[in-house]
């Protein structure tokens with residue numbers, strides 16, 4: 001029995017299939033469904049869990065080479081919200097691009113993790129190193 005770290009078996013199975021340069025989407029509650037990629041839905045209620053909480057859970061065992069976010073994230077969120085994300089990523093490069101370009105990357109991902117996050121444009125694409 002697992003005693004620490006990620007306990008969700010569907011999420012663990014998804015993470016085990018991600019290799020070098022593969023991507024994983026962590027999305028807010030309103031992100032569209034993408035039938036061509038596996039989705040692990042962790043949403044419980046509004047704000048639980050958040051994209052940042054999922055990122056925190058992944059970080060100890062997921063080698064992130066780069067992260068992508070929509071430019072609109074900076075336009076629709078306070079400096080405090082933006083700094084919280086930047087702090088979690090540390091030295092990991094964060095590439096901002098228009099939401100339309102961001103969504104073109106989604107079908108190429110190994111999978112998508114849906115959260116209950118309500119922060120506008122909180123979605124991230126993580127590229128494994």
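We did not get these values from a lab; they are worked out from the coordinates using the rules stated. Predicted model only: the values in this text are computed from it and were never measured. Every residue, glycine as well, gets a Cβ built from its backbone with ideal geometry; the counts of neighbours run over all protein chains shown.
Answer with yes or no whether residue 67 is surrounded by 14 or more Cβ atoms within 10 Å (Cβ to Cβ) and either under 21 Å from residue 5 (Cα atoms) or touching a residue at least 12 places away in the same chain (Cβ under 8 Å) (or both). Yes: the conditions hold for residue 67.
Across region 97-123, the number of residues qualifying as in a strand (DSSP E or B) and under 14 Å from the mean Cα position of the chain (by Cα) comes to 4.
In region 4-33, of all residues being in contact with a strand residue (DSSP E or B) (Cβ under 6 Å, 6 or more places away or on another chain) and crowded, with 16+ Cβ neighbours inside 10 Å, the one that is nearest to residue 56 (Cα to Cα) corresponds to 26. Taking the criterion of being touching a strand residue (DSSP E or B) at 6+ places or on another chain (Cβ under 9 Å) and either surrounded by 12 or more Cβ atoms within 10 Å (Cβ to Cβ) or part of a helix (DSSP H, G or I) (or both), the residues of region 77-94 that qualify are 85, 86, 89, 92, 94. Here region 99-118 is the region considered, the condition is being surrounded by fewer than 20 Cβ atoms within 10 Å (Cβ to Cβ) and out of contact with any strand residue (DSSP E or B) (no Cβ under 7 Å at 6 or more places or on another chain), and the residue that is nearest to residue 32 (Cα to Cα) is 103.
Scanning region 52-76 for residues that are touching a helix residue (DSSP H, G or I) at 6+ places or on another chain (Cβ under 8 Å) and outside any strand (DSSP E or B) yields 52, 55, 56, 58, 59, 61, 62, 71, 72, 73, 74.
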